[in-house]
Amino acid sequence: MIKIDNLIVQFGGVRPINELSAVLTAPVAGLIGPNGAGKTTLLNVLSGFVKPIQGSVLLDERALLPMTPLQRVRAGLRRSFQTEQVVEDLTVAGNIAAIADHVVGTGHCSRAVDQALAFVGLMSIADRLGQSLNLFQRRLVELAKCVTGEPKLILLDEPAAGLTEEEGKAFRELVLRIPSEFRAQVLIIDHDVDLIRSICSETMVLDYGKLLALGATHTVLADPNVRRAYLGEF
Ligand SMILES: Nc1ncnc2c1ncn2[C@@H]1O[C@H](COP(=O)(O)OP(=O)(O)OP(=O)(O)O)[C@@H](O)[C@H]1O
C-alpha cells in the first residue's frame, strides 16, 4: 500500500505536485494524466530523485522520504524508466546481477538472477550482451531487474512503449503475475489507456499536480472530468 499525504514538490515557481494526498491499494495500480501533469515527478519523489518541500509517503507503513535512494531499493522499491536503461556491454544476466548485488545477501545473487530471468523467459539468452538485444528483450530485462530480490513496490514508467501488440500482450501478462508471484504492488504510468484499463484495477489521475480522480479504473475512465482533461483522447 502506498499512502501519500499532502505532498508538494516545487521547482522555482512551478508546483508539479501540489498538495497531493492519495492511498493506492490495488495490486496493479495505474497513474495517468495529461502531459506535464506531474506523473514522472511523483515517481521521482517515490524513488528518491526529487525531494518534496512538504508531505509524507508511506510504503506499507514505512516512511519512504527519509530514506536515501539505495535504502529505498533495499526496502523493496524498484523502478523502470521511460527510456530503457540496459547496459550495452554487460550480459543479460550481468544487467540483473548489477541490481541483485545491492539487494540480496552474499551467496544468493545467482539464484536471484536466475529467478528473475526465468520469470521473464530470458534464461536462454542470459549470456548475450545488452547491445545485441531488441526492444522487447530490453523491456524484459528491465522488468527482470524490477522483480529481483524481494520487491515490494515496482514503479513502471511507460514500460511497454514501442512494443508490438503481441509483445505488449505478453508484457501485460507478466506484469499481472507480479503481485501473486512476488507479493509486490505495481504502479504503472502510461499514456496507453487501453493498457491501463486492461491491467490496473485502480487508477489515479493527476492534472496540474493535483488529484483529479482515484478509484476503480472503469469508474475513473468514465468520469467526465477525466475525459475532459484528456481532451477526448480516449
Ligand atoms: N527538474 C525540473 N525543473 C523544473 N520543472 C520541472 C522539472 N521536472 C519537471 N518539471 C515540470 O514539472 C511539470 C510536471 O512534469 P512531469 O514530467 O512530472 O509530468 P508528466 O505527467 O510525467 O508528463 P509526461 O506525460 O509528458 O511525461 C512540468 O510542467 C515540467 O515541465
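Structure values in brief
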| item | result |
| --- | --- |
| Residue match in region 86-95 (condition: within 28 Å of Asn35 (Cα to Cα) and in contact with an Asp or Glu (Cβ under 8 Å, 6 or more places away or on another chain)) | yes |
| Whichever residue in region 20-41 is assigned to a strand (DSSP E or B) and of a type outside the set (A, V, I, L, M) and, among such residues, is least open to solvent (accessible area, probe 1.4 Å) | Gly30 |
| Matching option when the condition is away from the ligand (no atom under 16 Å from the Cβ) and closer than 25 Å to Ile196 by Cα, among Ala63, Ala116 | Ala116 |
| Conditions (1) of a type in the set (A, V, I, L, M); (2) more than 18 Å from the chain's Cα centre (by Cα); (3) surrounded by 14 or more Cβ atoms within 10 Å (Cβ to Cβ); (4) more than 16 Å from the ligand (Cβ to nearest atom); number of the one not met by Val226 | (4) |
| Criterion: closer than 21 Å to Lys210 by Cβ and in contact with a Pro (Cβ under 7 Å, 6 or more places away or on another chain) - qualifying residue of Gly48, Gly38 | Gly38 |
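The rows are residues; the columns are (1) within 21 Å of Asp60 (Cβ to Cβ); (2) surrounded by 20 or more Cβ atoms within 10 Å (Cβ to Cβ).
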site	(1), (2)
Leu140	no, yes
Val147	yes, yes
Val186	yes, yes
Asp192	no, no
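The values are calculated or read from the model by the stated rules, or taken from the named source; none is laboratory data. Note that this is a predicted model, so its numbers are computed, not measured. All Cβ positions, even for glycine, are placed from backbone atoms using ideal geometry, and neighbour counts span all protein chains on display. These accessible areas exclude ligands, DNA and RNA; they are computed on the full protein's heavy atoms, side chains included. Shrake-Rupley method; radii C 1.70, N 1.55, O 1.52, S 1.80 Å.
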